[in-house]
Every structure is written in structure tokens, then in C-alpha cells.
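Written out below as C-alpha cells is the structure these notes cover.
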Amino acid sequence: MGCENGLKLKLKYPFSLDNQSGPAYLKVATPPSVTAGFTLRPGGSSCGPFAFANMSFQVGDQDEMVTRNRRALLQSAGANFFPSLVTARQVHGNRCLTVTDRDPEKLAQLAQIEADALLTDQPGILLGVMTADCLPLIMIGRNRRVAAVVHVGWRGLEQSIGTVAVTELLRRFAVEVETLQVYAGPAIGSCCFQVGSEVVDCFRRHSVLDGVEGWYQERPSGYYIDLLSIQRAQLLAAGVAKENFHVVDICTHCHDFCFSYRRDHAITGRQLAFVGIKTT
Ligand SMILES: [Zn+2]
């Protein structure tokens with residue numbers, strides 16, 4: 001799974017695989033002014049449990065390798081449009097950070113700020129969240145040039161972080177919710193996401209799930225929840241159009257071309273969901 005990786009995937013529009021150079025990623029079909037995608041494991045420089053395209057500095061990988069992987073991604077995403085990648089300190093909360101200042105020093109400092117969603121209406125800022133089982137979301141306003149990335153674990157979902165991000169896009173940037181496109185990347189599927197009964201009880205209190213089929217299953221081995229159907233129900237309740245919620249539907253735990261925190265017993269790399277508005 002080096003740079004010459006032979007990864008092949010059958011994907012439906014708006015997703016396609018780009019593994020020509022650098023980290024392989026699921027490219028999202030967007031308007032020409034926007035770039036967006038979800039990186040996978042193949043096509044990077046990291047070794048051991050972080051092989052190959054680990055995107056996180058916080059998991060024990062060598063900084064030099066992460067820098068190399070991120071740089072290679074910037075090259076394929078259009079480095080000339082995006083001088084750097086902006087990430088925050090993800091804490092499984094529901095705080096959204098709006099990024100409008102393009103000063104490189106200030107952007108670098110955001111890596112220390114606690115937030116699980118990043119929003120912008122400024123060209124030249126590439127936003128990212130890192131995941132390895134949690135659900136990454138990319139949001140793009142079609143009529144207004146705005147973009148967001150969201151890190152959704154079950155705790156963030158419990159705090160409705162996706163809805164909080166939508167509300168913030170509407171409030172800050174006057175996005176029309178019916179034009180908002182939401183893309184859901186690889187995450188642990190309901191096939192594999194076993195949880196305690198207390199997690200199911202948490203979500204039972206969410207009225208948006210009343211009448212929603214299959215958001216959890218009880219099997220002989222225990223309870224399983226479906227992050228995607230819970231997320232879908234929350235977003236539709238927030239006004240996102242059903243046809244504008246796009247799901248790649250790849251389980252990170254089932255596929256070794258993804259990092260999976262559970263499968264790899266916590267010692268693993270991170271995928272990156274990224275979105276940016278290009279400078280013209
Ligand atoms: Zn699975």
C-alpha cells in the first residue's frame with residue numbers, strides 16, 4: 001500500500017477514488033471553487049501501526065512523516081490554493097469554530113483550540129478533522145461560498161454537533177439550509193459498532209429518532225448503533241434536504257484501507273476529512 005497502491009473501490013457519485021499520488025482519498029464532486037475529500041490509509045510515508053497515510057500528530061507517529069503526508073495531500077488538493085491545513089483539538093464536544101483570519105500564525109495556533117467543527121467562508125483556508133471510526137462530515141453551501149468539517153463520535157452525536165454546525169452556518173453566513181450539501185465519510189458501521197446499553201438509552205431520549213427504523217440493533221452479542229442513521233435523522237430535522245445528505249457508506253472497522261481505532265486496539269493513525277474554498 002505504498003504510493004503505487006492498487007486500491008480499487010466501487011463508488012457512487014458524488015464520491016470517486018483519487019490514488020494517483022500522495023495519500024489516497026475519496027474525492028467529493030463539488031463546484032469548481034471548492035475542494036473536498038476523505039483520505040484513506042494507502043499512499044503515505046508513515047510506518048508500523050501508522051502506515052501509511054496517518055494525518056495526526058497526536059497518535060505517536062513521527063512528526064516528520066505526518067508533515068510529509070500532509071504536504072503530499074496539499075499537493076494533490078492544490079497546494080497553491082491552500083498554504084496550510086487547519087485543524088483544531090478535537091474533544092468529542094459540540095463546539096464550532098469559525099475561521100476567517102488567514103494569518104498563518106493564527107491558523108497554526110488553532111491546533112490548540114478545543115473544537116470539533118470548523119467553518120469558513122474565506123478562500124485559501126483548508127479545514128480538516130481527523131477520525132479513525134468516528135464519522136467525518138463535510139458541509140458545503142451551494143449558493144453561498146461556505147464550507148465546514150465536523151468530527152462526529154457518539155458523544156458529539158449525543159450533543160447534536162452536526163445540527164449545531166448547520167445552525168452556525170445559517171446564523172453566521174446566511175446559508176439557505178435547503179441548498180446545504182452534507183457528505184458523510186468512512187466511519188464505523190452498525191455492523192461493528194457495539195455499545196453499552198447506556199449509549200442506546202442516551203439516544204432514546206432524542207425525539208428526532210422517534211419512528212426512525214434501525215438506528216440501533218439488539219443482537220445476541222449486545223447492542224449496536226448506526227451513527228449514520230442517527231446523524232441523518234438529526235440533519236433532516238434541522239432542515240437539510242434528504243437528497244443533499246450523501247453517504248459513502250464504508251465501514252472503517254471492516255476495511256483495512258481505513259484506520260480503525262477499535263480494530264487496531266487504539267494504536268493507529270487517523271484519516272482526514274478536508275474542505276476548502278479555492279482562491280481565484
Ligand atoms: Zn463493519
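The values are calculated or read from the model by the stated rules, or taken from the named source; none is laboratory data. This one's a predicted model, so the numbers in the text were calculated from it and none came from an experiment. Heads up, the Cβs are rebuilt from the backbone with ideal geometry, glycines too, and the neighbour counts pull from every protein chain shown.
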Subset of the range 249-267 that is among the aliphatic types (A, V, I, L, M) and surrounded by fewer than 19 Cβ atoms within 10 Å (Cβ to Cβ) - its residue that is farthest from the ligand (Cβ to nearest atom): ILE267
Which condition number in (1) of a type outside the set (Val, Ile, Thr); (2) touching a Leu at 6+ places or on another chain (Cβ under 8 Å); (3) in a loop (DSSP other than H, G, I, E, B) is the one that SER260 fails? (2)
Are any residues in the range 96-112 part of a loop (DSSP other than H, G, I, E, B), closer than 22 Å to ALA36 by Cβ and not hydroxyl-bearing (Ser, Thr, Tyr), and if so, which ones? VAL99, ASP101, ARG102
Give me the residue from the range 187-229 that is within 16 Å of the ligand (Cβ to nearest atom) and either part of a helix (DSSP H, G or I) or among the hydroxyl-bearing types (Ser, Thr, Tyr) (or both) and, out of that set, farthest from the chain's Cα centre (by Cα). SER221
Restricting attention to the range 137-162, which residues are in contact with a strand residue (DSSP E or B) (Cβ under 7 Å, 6 or more places away or on another chain), under 15 Å from PHE245 (Cβ atoms) and not in a strand (DSSP E or B)? ARG142, GLY162
How many residues are surrounded by 16 or more Cβ atoms within 10 Å (Cβ to Cβ) and either over 16 Å from the mean Cα position of the chain (by Cα) or among the aliphatic types (A, V, I, L, M) (or both) when one looks only at the range 177-186? 4
Of the criteria (1) under 12 Å from LEU119 (Cα atoms); (2) of a type outside the set (S, T, N, Q); (3) surrounded by fewer than 21 Cβ atoms within 10 Å (Cβ to Cβ), which one CYS191 fails: (1)
Quick one: is ALA174 surrounded by fewer than 24 Cβ atoms within 10 Å (Cβ to Cβ) and either of a type in the set (Val, Ile, Thr) or away from the ligand (no atom under 16 Å from the Cβ) (or both)? yes
Would you check which residues across the range 227-255 are modelled with pLDDT of 95 or more and among the charged types (D, E, K, R) and list them? ARG232, LYS242, GLU243
